[in-house]
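Everything below concerns the one structure shown next.
The values are calculated or read from the model by the stated rules, or taken from the named source; none is laboratory data. The structure displayed is predicted, hence computed values, not measured ones. Cβ: placed from backbone, ideal geometry, glycine included. Neighbour counts: every protein chain shown.
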Amino acid sequence: MLEERKLTKRDYFVVSSMLFGLFFGAGNLIFPLHLGQLAGQNWVPAALGFLVTGVLLPLLSVLAISITRSEGVYDVGRPLGPVFALLFMILIHGTIGPLFGTPRTATVSYTVGLAPLVPKNFQTVGLLVFSAVFFGLALFFSLEENKIVNNIGKLLNPVFLVLLAGVFFLAFSSPMGHAGVQHATAAYTSGSFVNGFLQGYNTMDALAGLAFGVTVVTAVRTLGKKRANSVALVTARAGVFAMAMIAVIYVGLIFVGAMSLGKFKVSANGGIAFDQIVNHYMGVAGQAILATLITVTCLTTAIGLVAAFAQDFHKHFPKVSYRTWLVLTTLASFLTANIGLNQIIAWSTPMLMFLYPLSMVLILLSVASPLFHKDPVVYKFVVLFTVVPAFFDMVTAFPAVVSQSSFGKAMTGFEQAYLPFANYGLAWLVPALVGAVLGVAVHVFKRVSARNTVSQTE
């Protein structure tokens, strides 16, 4: 048994702060606000649904990395074979990286900070220049792998939280309206919990947890914890503290979003909502301060995302250097960012509708894997029964150019006719449970048969 160092409260704080810094980025700020505006008086059940996919699943994703002793996204999918694992890694990093997640860090910063100050005729040029500078800085600060953490800085999160607390204080002491009487949009009149659950996909944190989990596990080991059980326990404790803090912020943002309906209409996205709220309470000066901090916070997230992409791709495709992968993902993120925030959100939603169910079942399977000895047959049944309905959900969630095509309508019609909960975007849920039952049944049958064979041999 390896000797282990007993961790201090400061050690737990360091790990918790790291977790918070990794997870809290652009989407964590704008989507809860927008959810509050969409849900109105039904903000409480919407918030509960949001916390499941926005808080609980990211925590479980980190635990999944720890429990299975994985080295990243690839290892989480490894029980299904190297081809699936590699494809899953590419899809995860592409989604949280240059296709959607990383570009969003620049578009949110621009939408909240500069867009209100730029004339409408120059919005396109403004975003082009801003995103070029933004990703140029992200590339510069992530060139040296061993300096990334120091380059990000340790004071950014605390300072940002202090100013965000100031916004909360103003919003609660001088509310724009009563959250309990604000009108809910049609989708949130009766399905607020499920829609909040689906909105949690947009944070991408469960996917990010799979990519960043190994960073946290490695940090815990460097603090003196060696045994897998101890690492998992420390990660769980620190994770609970970090995610509890994020949960508090989420609830506050959702509540403020609902109250803002007393002064404003439902915005096109959470970036616009945040800009409206800050301007209402603090004017242009307050907006400038917060916009700067949001830009810096989003920049730190972008640095982590481009670095994680380059590190993982260099590991699996070593002929291409870390710096080359870094330049490629940064350039791709710059190009995608100039599509605009609304378009990024519109096209990322269907991809998340496909990837989140797969990620959820793999996270839960990883956490529960000691119960069935990580038997690949259980993984195969669950994933096979999940991937098909998840594909249907993806097609249904695409913009009209796809979802309203003859192919899209055929997929949607089949899904709604034969799959339970399809109307809620959860067509995968029942098939995944059926797959789990069948997979476990086959696993138990195999073990019983093996024992009987051994007994007969003896």
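Some points to look at:
- Selected residue [closer than 18 Å to residue 90 by Cβ and out of contact with any strand residue (DSSP E or B) (no Cβ under 6 Å at 6 or more places or on another chain)] from 386, 330: 330
- Which listed residue is small (Gly, Ala, Ser) and surrounded by fewer than 20 Cβ atoms within 10 Å (Cβ to Cβ), from 97, 81, 113, 77: 81
- Wholly within the stretch 184-280, helices (runs of 4 or more DSSP H) carrying at least 1 residues that are surrounded by fewer than 24 Cβ atoms within 10 Å (Cβ to Cβ) and free of Cβ contacts under 8 Å to residues at least 60 places away in the same chain: 187-190, 205-222, 228-259
- Candidate set from the stretch 45-74 (those that are more than 15 Å from the chain's Cα centre (by Cα) and within 30 Å of residue 258 (Cβ to Cβ)); member that is surrounded by the fewest Cβ atoms within 10 Å (Cβ to Cβ): 48
- Residue 289 vs. criteria buried (at least 16 other Cβ atoms within 10 Å of the Cβ), farther than 16 Å from residue 99 by Cβ and assigned by TED's automatic domain parsing to the domain that holds residue 205: no
- Options 327, 320, 361: the member that is farther than 30 Å from residue 268 by Cα, modelled with pLDDT of 90 or more and either within 16 Å of the chain's Cα centre (by Cα) or crowded, with 22+ Cβ neighbours inside 10 Å (or both): 361
- Pairing each residue of the stretch 95-117 that is more than 17 Å from residue 327 (Cα to Cα) and modelled with pLDDT of 90 or more with any residue that is among the acidic types (Asp, Glu) and not in a helix (DSSP H, G or I), provided the two are 6+ apart or on different chains, yields no C-beta distance under 6 Å.
- Just one of (1) at negative phi; (2) more than 21 Å from the chain's Cα centre (by Cα); (3) modelled with pLDDT under 95 fails for residue 381. It is (3).
- Of the residues examined, residue 309 is not one that is closer than 20 Å to residue 130 by Cβ, of a type in the set (Phe, Trp, Tyr) and in the same structural domain as residue 141 (by TED's automatic domain parsing).
- Qualifying residue in the stretch 259-270 (condition: closer than 17 Å to residue 17 by Cα and among the β-branched types (Val, Ile, Thr)): no
- A residue that is assigned to a helix (DSSP H, G or I), under 20 Å from residue 387 (Cβ atoms) and charged (D, E, K, R) cannot be found anywhere in the stretch 103-122.
- Only listed residue being farther than 27 Å from residue 341 by Cα and assigned to a helix (DSSP H, G or I), chosen from 52, 44, 15: 15
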